[in-house]
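Below you'll find the structure, written out as structure tokens, and then a few comments.
The values are calculated or read from the model by the stated rules, or taken from the named source; none is laboratory data. Computed from a prediction, not measured in an experiment: that's the story for all the values here. Neighbour counts run over all protein chains shown; Cβ positions are idealised from the backbone, glycine included.
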């Protein structure tokens with residue numbers, strides 16, 4: 001990690017908070033520190049018990065195979081404020097890749113990505129399987145993933161990710177948006193992509209910075225790891241909110257009904273397409289898995305969002 005480079009880019013108080021929580025979390029996982037807050041993704045014994053039960057029932061290998069049977073979702077959206085030049089614009093949305101835990105090392109995923117057509121890619125966080133520990137395999141895996149994405153790709157950090165990911169990711173050609181925004185121009189029109197840091201665990205979001213100077217009618221695409229920022233985003237006139245984190249439940253009942261949720265947002269925000277006020281949103285099932293490397297009745301998901309305007 002090059003701290004000097006990070007300090008030039010990010011506010012000192014933000015870095016101190018982010019790095020302090022990363023250290024505290026790692027210490028907690030090593031048993032030398034306690035956290036007052038409990039997050040289900042950090043309770044390892046639950047996943048040990050589930051894995052044991054699935055192996056006893058003979059379902060474990062089936063659940064593993066399910067993790068690489070990807071569903072491609074074509075999500076068509078209509079907006080009153082979409083600039084005309086962006087009619088039909090396609091956003092490839094990946095989330096929760098957990099790349100060091102993919103069963104076939106990404107072979108099936110890459111073959112699908114190679115054949116997709118889109119205008120821009122966004123990745124809404126969580127690149128590694130665990131929330132702590134070494135991440136060399138994550139860096140290697142994300143480098144390989146980038147070679148299978150043929151358009152500009154914006155990414156944000158999730159609760160599994162360290163700020164140290166930013167520098168190598170950008171060396172591979174990703175553009176990391178960490179409480180930052182970017183303007184995309186087409187002809188005489190423009191839209192904005194706003195990337196927030198994790199709100200679920202690190203609580204390192206900075207909405208005031210993201211929205212400073214923007215007009216209420218500007219077309220804004222919000223990238224946030226979890227759906228928990230929906231209220232504030234809608235109040236700031238976000239048009240489209242893209243997120244993940246929940247994995248759609250990962251282990252569900254028939255009909256894709258989640259058994260548990262790891263989000264504090266209401267149920268309707270934890271899976272697929274949703275609306276809140278004038279804002280539209282989508283919560284991805286995610287590409288990978290974590291906690292337990294299985295999926296049931298909840299396929300991993302690759303989404304292409306098609307933007308349309310109400311011009312007629």
**Message:** Of the conditions (1) more than 19 Å from residue 98 (Cα to Cα); (2) buried (at least 19 other Cβ atoms within 10 Å of the Cβ); (3) at pLDDT 95 or above, residue 277 satisfies every one except a single condition; which number is it?
**Reply:** (2)
**Item:** Residue under evaluation residue 182, criteria (1) surrounded by 19 or more Cβ atoms within 10 Å (Cβ to Cβ); (2) without any contact (Cβ under 8 Å) to a residue 40 or more places away in the chain; (3) part of a strand (DSSP E or B), criterion not met
**Value:** (1)
**Request:** Report whether or not residue 141 is farther than 24 Å from residue 271 by Cα and surrounded by 21 or more Cβ atoms within 10 Å (Cβ to Cβ).
**Result:** yes
**Identity of the residue in the stretch 204-217, in a loop (DSSP other than H, G, I, E, B) and without any contact (Cβ under 8 Å) to a residue 40 or more places away in the chain, that ends up surrounded by the most Cβ atoms within 10 Å (Cβ to Cβ)** = 205
**Message:** Just to check your reading of the model, which residue among 125, 88, 158 is loosely packed, with under 15 Cβ neighbours inside 10 Å and assigned to a loop (DSSP other than H, G, I, E, B)?
**Reply:** 88
**Asked** Hey, any hits in the stretch 67-82 for a residue that's in contact (Cβ under 8 Å) with a residue 40 or more places away in the chain, in a strand (DSSP E or B) and under 18 Å from residue 142 (Cα atoms)?
**Response** no
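Among the listed residues 262, 285, identify the single one that is closer than 18 Å to residue 50 by Cβ and under 18 Å from the mean Cα position of the chain (by Cα). Outline the logic, then answer.
Working: 285 fails: closer than 18 Å to residue 50 by Cβ.
Result of the check over 262, 285: 262.
In the list 241, 230, which residue meets the criterion of being touching a residue at least 24 places away in the same chain (Cβ under 8 Å), within 16 Å of the chain's Cα centre (by Cα), crowded, with 16+ Cβ neighbours inside 10 Å and under 16 Å from residue 79 (Cα atoms)?
So the residue among 241, 230 that is touching a residue at least 24 places away in the same chain (Cβ under 8 Å), within 16 Å of the chain's Cα centre (by Cα), crowded, with 16+ Cβ neighbours inside 10 Å and under 16 Å from residue 79 (Cα atoms) is 241.
Can you say whether residue 266 is in contact with a helix residue (DSSP H, G or I) (Cβ under 7 Å, 6 or more places away or on another chain) and surrounded by fewer than 24 Cβ atoms within 10 Å (Cβ to Cβ), as far as the supplied structure shows?
Working: in contact with a helix residue (DSSP H, G or I) (Cβ under 7 Å, 6 or more places away or on another chain): no; surrounded by fewer than 24 Cβ atoms within 10 Å (Cβ to Cβ): yes.
Here the answer is no, as residue 266 does not meet what is asked.
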